[in-house]
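Working notes for the structure below.
Readers should treat all values here as calculations from the given coordinates under stated rules, not as data from a laboratory. Note that the structure is a prediction, hence the values are computed from the model and not measured. Methodologically, a virtual Cβ is constructed for each residue, glycine included, from the backbone with ideal geometry; neighbour enumeration extends over all protein chains shown.
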Amino acid sequence: MHSWQTLHSIIDPDLVDFEDGVLTVSLTANASADDRLEIRNQGVGANKVGVIAEAVTFRGLVIGTFLGGTSVSEPFEILFNATANQAAVQALVRSLTFKNVSDAPSTLVRTVALHLTDGDGGSSVTVTKSINITSVNDAPVVTNFSGISSYTEDDLAEAIAIDAIVDDLDSADFDLGKLIASVSANSQATDRMTIRNDGTGPRQIGTVDSWR
């Protein structure tokens with residue numbers, strides 16, 4: 001999660017508070033449906049910014065309400081009340097966060113824009129910054145494999161994973177991947193791991209000579 005911590009200062013020398021002011025945070029370039037703009041919930045301690053439902057607090061006092069930040073077309077907006085002084089608004093800006101909830105996010109650089117009005121007709125210049133996105137390879141997962149299989153002497157090869165589920169959230173294929181099956185306990189020289197040849201029909205696994 002990316003944060004604006006310590007990156008921005010709020011200065012409005014002629015205001016006591018930002019009542020009816022609005023802070024608008026927008027993704028203006030390369031936004032995706034999985035991007036999220038949020039407020040880091042630090043709690044209600046001294047100089048802390050907190051989140052309670054749709055309200056945002058500073059030092060335990062509600063300074064405004066927020067909405068949006070969860071879709072490409074909807075900016076993240078915070079509407080301030082009379083408790084929102086300069087220190088509170090600056091702390092809020094420094095608690096803004098960005099995250100992406102996809103397991104395979106677009107790595108295009110996002111542009112984020114901030115615009116602030118003070119509730120008395122004043123309006124800031126819109127400021128922007130870029131956010132670089134790093135995609136991390138999620139490991140494949142095999143489930144429904146545990147349990148016990150049985151084999152009787154002289155029977156045909158027994159399928160050992162008919163209910164197994166294989167998943168990889170961020171890969172469309174397993175090109176250059178490898179599946180390793182091994183007997184990890186009490187293996188014997190006469191044990192064999194093979195692939196059952198079902199044929200070449202729909203949803204069937206077949207074998208043709210060796211893959212090596």
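Values as computed for the structure displayed
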read-out: Length added when fully stretched, Glu153-Thr65, from 0.36 nm per residue minus Cα-Cα; value: 24.6 nm
read-out: Karplus (6.51, -1.76, 1.60) ³J(HN,Hα), θ = phi - 60°, over segment 29-44, in Hz, Gly and Pro reported as x; value: 8, 6, 5, 10, 5, 9, 6, 9, 10, 9, 10, 5, 8, 8, x, 10
read-out: Peptides 99-108, 83-92, 188-197 ordered by average Cβ neighbours within 10 Å, highest first; value: 83-92, 99-108, 188-197
read-out: Packing rank of 29-35, 58-64, where each peptide gets the mean count of other beta carbons within 10 Å, highest leading; value: 58-64, 29-35
read-out: Interchain or long-range residues, amide H under 5 Å from Thr57's placed H; value: Gly50, Val51, Ile52, Ile63
read-out: Residue order, fewest to most surrounding Cβ atoms within 10 angstrom, among Phe98, Phe145; value: Phe145, Phe98
read-out: Kirkwood hydrodynamic radius of the chain, Cα pairs, Å; value: 22.0
read-out: Segment 2-131, relative contact order [Cα under 8 Å, separation at least 6], %; value: 37
read-out: Set of lysines near Lys178 by C-alpha distance (under 18 Å), chain-local residues within fewer than 8 positions excluded; value: none
read-out: Segment 84-201 shape via C-alpha gyration tensor axes, a/c threshold 1.5; value: prolate
read-out: In Hz, Karplus ³J(HN,Hα) per residue of segment 103-119 (6.51, -1.76, 1.60; θ = phi - 60°; x = Gly, Pro); value: 7, 9, x, 5, 9, 5, 5, 8, 10, 10, 10, 10, 9, 10, 10, 9, x
read-out: Cα-projected label distance for Ile180 with Ser135, points at 7 Å along beta-carbon direction, nm; value: 2.7
read-out: Selected from Glu38, Glu74, Glu158 as most flexible by GNM, with the chain as the system and alpha-carbon contacts under 10 Å; value: Glu158
read-out: Estimated FRET transfer efficiency (Thr107, Ile160; beta-carbon r; R0 45 Å; 0.05); value: 0.70
read-out: Under 20 Å from the Asp170 label point (7 Å along Cα→beta-carbon), backbone N, segment 16-51; value: 30-37
read-out: Net lengthening on full extension, Glu74/Met193 (0.36 nm per residue, minus Cα-Cα); value: 37.4 nm
read-out: Highest-MSF residue in the chain out of Val141, Val183, Val22 [GNM, Cα springs under 10 Å]; value: Val183
